[in-house]
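First comes the structure, then the notes that go with it.
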Amino acid sequence: RQYATDHTIYAGCEDGPMFYSNDQGRQWAPLAASPAGVNSLWAHPTDLLLCLAGTSDGQIARSLDGGKTWTLVLQGNDAALTFATHKGILYAGCYAGGLLSSIDQGISWQQVLPSV
């Protein structure tokens with residue numbers, strides 16, 4: 001799960017859709033158009049509508065509307081297990097040990113370290 005500053009919580013499910021809560025987890029609703037098999041999430045700390053989702057089949061999807069719609073920005077790669085940021089650069093750590101980076105908030109990705 002990943003928290004955004006407006007108290008919205010996103011949760012990804014390996015076998016189903018993503019869910020969100022905007023009341024600090026008291027009630028949950030599905031994000032109907034979300035990618036399936038989500039195993040990692042990232043929400044921008046100040047742009048409350050920008051989210052990323054990494055899937056178990058190696059895709060990274062990006063949302064600009066708080067998860068209502070998603071655009072596939074990377075496919076056929078190693079599964080992204082975690083997202084992190086440092087000095088404006090996004091990083092995606094992958095299952096087999098690879099590392100990806102993005103300097104444009106997840107629109108495009110470059111391989112930093114290969115998968116093992």
Tell me which strands (runs of 3 or more DSSP E) are completely within the range 12-108 and hold 1 or more residues being aliphatic (A, V, I, L, M) and at pLDDT below 85, or say none if there are none.
80-86
Inside the range 20-52, the number of residues satisfying the requirement of being touching a strand residue (DSSP E or B) at 6+ places or on another chain (Cβ under 7 Å), of a type in the set (A, V, I, L, M, F, W, C), open to solvent by 50 Å² or more (accessible area, probe 1.4 Å) and closer than 13 Å to Gly66 by Cβ is 0
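Let's see how each residue does on (1) open to solvent by less than 70 Å² (accessible area, probe 1.4 Å); (2) of a type in the set (S, T, N, Q); (3) under 17 Å from Gly12 (Cβ atoms):
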{"position": "Gly54", "(1), (2), (3)": "yes, no, yes"}
{"position": "Gln59", "(1), (2), (3)": "yes, yes, yes"}
{"position": "Gly66", "(1), (2), (3)": "yes, no, yes"}
{"position": "Ala79", "(1), (2), (3)": "yes, no, yes"}
{"position": "Thr85", "(1), (2), (3)": "no, yes, no"}
{"position": "Ser102", "(1), (2), (3)": "yes, yes, no"}
Residue in the range 88-100 that is farthest from the chain's Cα centre (by Cα), counting only those that are open to solvent by 40 Å² or more (accessible area, probe 1.4 Å) and under 24 Å from Thr8 (Cα atoms)
Gly88
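The values are calculated or read from the model by the stated rules, or taken from the named source; none is laboratory data. Quantities reported herein were computed from a predicted structural model and do not represent experimental measurements. Here Cβ is always computed from backbone atoms with ideal geometry, including for glycine, and neighbour counts include all displayed protein chains. For accessibility, only protein heavy atoms count, side chains too; no ligands or nucleic acids. Shrake-Rupley method; radii C 1.70, N 1.55, O 1.52, S 1.80 Å.
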